[in-house]
Amino acid sequence: MCRIFFYLLTFLFVSTEVFSQDLNYAKKTINTLTSSTYWGRGYTNNGMAKAADFIESEFKSFGLIPLDTKGFKQSFSFPVNTFPKDMKLEINGKALKPGRDFIVHQASKGVNTTTNLIPKDSATYLNAQAGIVLSIQPKLTWSVAQQPMDYTLIEVTNKSLPGIPKTIKAEITNQFIPNFTAANVIGMVKGTTKPDSILVFTAHYDHLGGMGNSTFFPGANDNASGIALLLDLARYYAKNPSKYSIVFIAFAAEEAGLLGSKYFTENPLFPLSQIRFLWNLDLMGNGDAGATVVNATLHTKEFALLHKINDANQYLVKINPRGKAANSDHYYFTEKGVPAFFMYTQGGVSAYHDIDDIAATLPLTSYQQIFKLLVTFNQQLIN
Ligand SMILES: [Zn+2]
């Protein structure tokens, strides 16, 4: 090899190593976490626990250290309503596809019946005796419920309906789990000179899981994308430790109501007062329209620093400031007085809490730029 090429290659290697973010790693991680093996990282087929194992093994391979003598996982329990079994629905004799044509509301109880439907209004049909309500929705958006209702609520899109709904055949089984156990996964890169000062990155790894035994919600943007970035940052800081300790927390049960982050803030593994700053990463897969930062109006100095770095480097096309919001895992930290930003990307795909939030169409427009922005922000914040 010619020497000049050797130097050139060395230079290229060193210059990319400065940040070491890797879109291929992100894509691989998102593909893994959105595969059927993990079944939407929820409450059936052991999906959430499998995702926790995956994150733990990545933490271990990077050389992160656990904060608890018991290991990287912090377990907690809560009640949840699930749909583990086969799910069938026919309206006017036409079979509908779960996830695509209809969803069973997350709080529904099961039902096994063939009956007629009575119109309540133009968008609602029901049979009170059978305990069934059919609701016509412009978009199907699923979620997680901790308690079941005493009836079955089925949501359908207008375009999947074969005319005015008159008859319904439904075979739906719910399983209420009073004590579902989940785990936050927590690892650290110890600070070189001020290890008691801590910077934190958080992202939730859970999603909605499966609805029946043939449909799951992949949750590529929400939030395999945030976990990919969190793992990428963990890998980077393991090789390039900072003077402060950096803690990485992959939260469980965000979609069930911020339960993992609530549990952690009530049972922290170090005093929360040691946190100099926390970044929560959720919906990191877009970026065509920039990103929004929650708590920007709360921490004006830090937001000004973020803006300055972004302007100087042209990382994101726009950073929208937003006030406080209880919309992701930063919330309970904010309530405890921990300085925190929550960033989410905008533009690109609009799939949200539906079966179309898949890896293949996720643009990851700003992924690399956000990586650089966060690392530079942390660097300048502590210097
Ligand atoms: Zn989310």
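A short reminder: the numbers here are calculations on the coordinates, not readings from a lab. Because the structure is predicted, anything quoted here is derived from the model rather than measured. Cβ coordinates were reconstructed from backbone atoms using ideal geometry, including for glycine residues, and neighbour counts include every protein chain displayed.
Among 28/50; 27/70; 73/194; 28/60; 243/372, which pairs are too far apart, with a Cα-Cα distance over 23 Å? As for pairs spanning more than 23 Å Cα to Cα, those are 27/70; 73/194. Close amide H partners of residue 176, meaning residues 5 or more places away or on another chain with modelled amide H under 5 Å apart, are 82.
The distance separating the Cα centre of the range 182-254 from that of the range 327-364 comes to 13 Å. Computed from point charges on the beta carbon alone (+1 for Lys and Arg, -1 for Asp and Glu), the dipole magnitude for the range 195-283 about its Cα centre is near 400 Debye.
Classification of the chain by its C-alpha gyration tensor yields a prolate form. The axis ratio a/c (a ≥ b ≥ c) is 1.5 or more, and a/b outweighs b/c. Most simply put, the chain has about 60% antiparallel DSSP beta bridges, counting only bridges with both residues inside it. Ranking 96, 182, 130 by how far each Cα lies toward the positive end of the dipole of the chain (charges on Cβ) leaves 182 at the top.
Using a simple charge model, +1 on the beta-carbon of Lys and Arg, -1 on the beta-carbon of Asp and Glu, nothing else, what dipole does the range 87-172 show about its Cα centre, in debye to the nearest 20? For this selection, approximately 240 debye. In the chain, the longest principal axis of the Cα atoms and the axis of helix 3-17 are about 60 degrees apart. Using alpha-carbon pairs under 8 Å, 6+ residues apart, how would you state the relative contact order of the range 87-172 in percent? In percent, rounded to a whole number, it is 46. Potential lengthening of the chain between residue 70 and residue 305 amounts to 80.8 nm, from the contour at 0.36 nm per residue minus the alpha-carbon distance. Helix content alone sets the calculated 222 nm mean residue ellipticity of the chain: runs of n ≥ 4 DSSP H residues at -39500 (n - 2.57) each, divided across all residues, give -8000 deg cm²/dmol.
Diagonalising the gyration tensor over the Cα atoms of the range 87-172 and scaling each eigenvalue by 5 before taking the square root yields semi-axes of 17, 15, 12 Å, largest first. Once you keep just the Cα pairs under 8 angstrom separated by 6 or more residues, what percentage relative contact order results for the chain? Over the chain, the number comes to 20 percent. Comparing mean-square fluctuations of 235, 41, 322 from a GNM of the chain with C-alpha springs under 10 Å, the top value falls on 322. Computing FRET efficiency as 1/(1 + (r/R0)^6) for residue 114 and residue 350, where r is the C-beta to C-beta distance and R0 is 35 Å, gives about 0.45. Does the range 100-149 come out rounded, prolate or oblate, given a ≥ b ≥ c as the square roots of the eigenvalues of its C-alpha gyration tensor, rounded meaning a/c under 1.5 and, failing that, prolate meaning a/b above b/c? Oblate, because a/c is 1.5 or more while a/b does not exceed b/c. About its Cα centre, the dipole of the chain is roughly 400 debye, where the only charges are +1 on Lys and Arg Cβ and -1 on Asp and Glu Cβ. The 3J(HN,Hα) values that the Karplus relation (6.51, -1.76, 1.60; θ = phi - 60°) gives for the range 304-310 are, in residue order, 5, 4, 4, 4, 4, 5, 5 Hz. Gly and Pro appear as x. Mind jotting down the distance between the C-alpha centroids of the range 35-101 and the range 138-160, whole Å? When both Cα centres are located, 19 Å separates them.
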